[in-house]
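Structure, as structure tokens:
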Amino acid sequence: MISDSQLAKLITKHKIVDNDTLAELQKQAKTAKKPLWRILLEKKILTEEDLYENIAKFYSVPFVDLKGQIIRKDILFLIPEPIAQAREVVAFDSTDNILKVAMLNPTDIETIEFIKKKTGHEIEVHVTYPKALQEALKQYHKSLKAEFADLTEGKAEEKSDQNLKELAEDLPVVRIVDTLLEYAIYENASDIHIEPTEKEILVRYRIDGILRDVMTLPKNAQAGIVARIKILANLKLDEHRLPQDGRFKIQNENYKVAFRVSIMPVFDGEKIVMRLLNESNQILTLEQLGFQKKSLNLVKSNITKPHGMILVTGPTGSGKTTTLYTILNILNTPEVNIATVEDPVEYRMPRINQSQINPKVGFTFASGLRALLRQDPDIIMVGEIRDLETAEIAVHAAMTGHLVLSTLHTNDAVSTLPRLQDMGIASFLIASTTNLIIAQRLVRKICTDCIYSYNLSSDTVKELEMRYNIPSILTTLKKEKVIASSEVKLGELLFYRGKGCKRCNNSGYKGRIGIYEVLEISPEIQKLIMKKASSKELLDQAIAEGMLTLIEDGFIKAKNGITTIEEVLRVTKE
């Protein structure tokens, strides 16, 4: 927000300390690797209030002290609470079409533009200090508590269907649910969790694969929020004892998002989890997914084969569906008939015949796949191979001239082959029909606004050497032209991480990318499958043929400053 050199000019201009003291403070800041303003506060040379008042003067922006100021409810709620909390900004006054907002960082143009667009008001920025801002933000909770107390009074005893319906249409409930959904879209969240506890409701978002707290709501808001979401998802309002599933869509000129809703009775009420599927997202290319050059060429050459199986494996949430849709998008031409059986259909794709399974009426992966084969398909995608019946039909479809794409839950590429054998598929069928297996994980990308380089500590190096074959990884890095020599020590290499800034919510990460292991079924590997070789023998042969393992791909991306070593270890830990 304000650099040390700018702050030094400010201190000199306003004669806050003499030049010698300033030089000493700058030296201390450099030694402690802390910003100058932090040293000024720690040494009590400036109070928080004085510091931000001087910053306001530096940027020629008015200063406002919000301590003890009661903000009108209608003005406060012009900025939704999650945005106010995350972006450290609060609306405190309004005149004619001008909205006065107080913030800590007057240079945060992105937030100012967002509020301007959202409210339709011209924005007048004021600077305040952290303690005053925190007090102002507490007014959201007080005001919500009061609104919900009025709202639920007299309705607590009898929660009839009609009462719940009225509750779901009350303004505070509608506003809260709209805010939660809108902010989740704004933050690129993949899931929203609304969890009742004994005394309050906890709201969490999964952003870049990690759950983080967003806000807590008063307990008496629970019935209204659950009812509101049930109405949106077209679920039964009076059913509180059984799980329910539904979906709804939100669309405007900026986005089109489908919400998949799951409601589950828990001890303190009903827990809601909503999965966000952004339908306006562009389908990515294979290059954007993060494949290394050799792996990319293997994928490209195998998807053009007229028949056989391509399997994508990895745990839930590792991006398997995105990889399959990306491949389907490449294959989607007028000359072929593509059909899918999915659970659920996550993204709609033009010219592809997508079916959603429904076990209640007997429409399973196996029965759906059997029916699909009578639809004259060229390319088939099966959401997941879960049982022997589905696996058998998929293998026979691959044998009879169809290209079959599917997913499986295994930890790495080679263990997929024994897994199919364990399911009961004959070894010769696996060997002759499987073309390619892709194992994958998603790692968070380092935020490009706060990236910095560092050397691994000796403890980290020791831990890595205990867990992995580091000489082999270094040889791979050399082969992939990531490092100049494999003789270098791991502790001497530069790696990267993010400091944490406003843009990445102080996490040091923004966005995600895949790390991959791509196994092509070569004649040698076919022979090993026929012999029912172990995963270890298969892995040794695959590595001998030049396959990059997940951990090696992770190390390449960490060394290239795309992700961190910590992320690679988090997603690949055995």
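Considering Cα pairs under 8 angstrom that are at least six residues apart, work out the relative contact order of the range 228-286 and quote it in whole percent.
Values: 88 pairs, mean separation 14.9, N = 59.
Taking the mean separation of contacting Cα pairs over the length of the range 228-286, I get 25 percent.
Once you order the gyration tensor axes a ≥ b ≥ c over the Cα atoms, which shape class does the range 350-410 get: rounded for a/c under 1.5, otherwise prolate or oblate by comparing a/b with b/c? Before the final figure, lay out each step's value.
Working: a/c = 1.41, a/b = 1.09, b/c = 1.30.
Because its axes are fairly even, with a/c under 1.5, the range 350-410 counts as rounded.
Here's how it looks for Thr434: its modeled amide H is under 5 Å from those of Met309, which are all 5 or more places away or on a different chain. I want to check the label-to-label distance for Asn329 and Asn469. Put each point 7 Å from Cα in the C-beta direction and report it in nm to one decimal. Each label point is offset 7 Å from its Cα along the Cβ direction, giving 3.6 nm. How much length is gained if the chain between Leu388 and Glu487 is pulled fully straight, taking 0.36 nm per residue apart and subtracting their Cα-Cα distance, in nm to one decimal? So the extension gain works out to 30.8 nm. Computed with a 1.4 Å probe over protein heavy atoms only, the accessible surface of the range 507-560 comes to 42 Å² per residue.
Defining a contact as two alpha carbons under 8 Å apart and six or more residues distant in sequence, what relative contact order in percent does the chain show? Show your work: numbers first, answer last.
Numbers: 943 pairs, mean separation 51.8, N = 574.
The normalised contact order for the chain reaches 9 percent.
Give me the percent of the accessible area of the chain that comes from carbon and sulfur atoms, probe 1.4 Å, all protein chains in place. Roughly 50 percent of what the probe reaches on the chain is carbon or sulfur. Judged by a Cβ-Cβ distance under 4.7 Å, the chain has no unpaired cysteines; every Cys finds a partner. Rounded, prolate or oblate: pick one for the chain, where a ≥ b ≥ c are the square roots of the eigenvalues of its C-alpha gyration tensor, a/c under 1.5 means rounded, and failing that, prolate if a/b is larger than b/c, else oblate. Oblate.
For the pair Asp93 and Lys294 in one chain, pulling the backbone fully straight at 0.36 nm per residue adds 66.5 nm over the alpha carbon distance.
With the other protein chains left in place, how much accessible area per residue, in square angstrom, belongs to the range 91-133 at a 1.4 angstrom probe? Walk me through the intermediate numbers first.
On the way: 1860 Å² over 43 residues.
In whole numbers, the range 91-133 has 43 Å² accessible per residue.
Residues within the reach of a label modelled at Arg370 (point 7 angstrom out along Cα to beta-carbon, backbone nitrogen below 11 Å), restricted to the range 383-426, are 389-390, 393. Of all aspartates and glutamates in the structure, the ones whose alpha carbon falls short of 13 Å from that of Lys73, not counting any fewer than 8 places away in one chain, are Glu81, Asp93, Glu147.
For the range 208-302, a Kirkwood hydrodynamic radius built from all Cα pairs, placed in the Stokes-Einstein relation at 25 °C and 0.890 mPa s, yields a translational diffusion coefficient of 148 µm²/s. Relative to the current alpha-carbon distance between Lys462 and Asp245, full extension at 0.36 nm per residue lengthens the span by 73.3 nm. In percent, what relative contact order does the range 61-140 have, based on Cα pairs under 8 Å that are 6 or more apart in sequence? RCO, the range 61-140: 42 percent. Peptides 123-134, 261-272, 347-358 ordered by packing proxy, namely the average of other Cβ atoms within 10 Å per residue, highest first: 123-134, 261-272, 347-358.
Could the peptides 100-106, 461-467, 507-513 be put in order, highest first, of the mean number of other beta-carbon atoms found within 10 Å of their residues?
Working: 100-106: 21.7, 461-467: 13.4, 507-513: 18.7.
Put in order of decreasing packing, that is 100-106, 507-513, 461-467.
Taking the mean number of other Cβ atoms within 10 Å as a proxy for protection, how do you rank 295-306, 442-453, 216-227 from highest to lowest? Each step should come with its number before you reach the end.
Working: 295-306: 15.3, 442-453: 18.8, 216-227: 21.8.
Final packing ranking: 216-227, 442-453, 295-306.
The values are calculated or read from the model by the stated rules, or taken from the named source; none is laboratory data. Keep in mind it's a predicted model, so treat the numbers as computed, not measured. For neighbour counting, all protein chains shown are included, and Cβ atoms are generated from backbone atoms with ideal geometry for every residue, glycine included. The accessibility values were calculated without ligands, DNA or RNA, using every heavy atom of the protein model including side chains. Shrake-Rupley method; radii C 1.70, N 1.55, O 1.52, S 1.80 Å.
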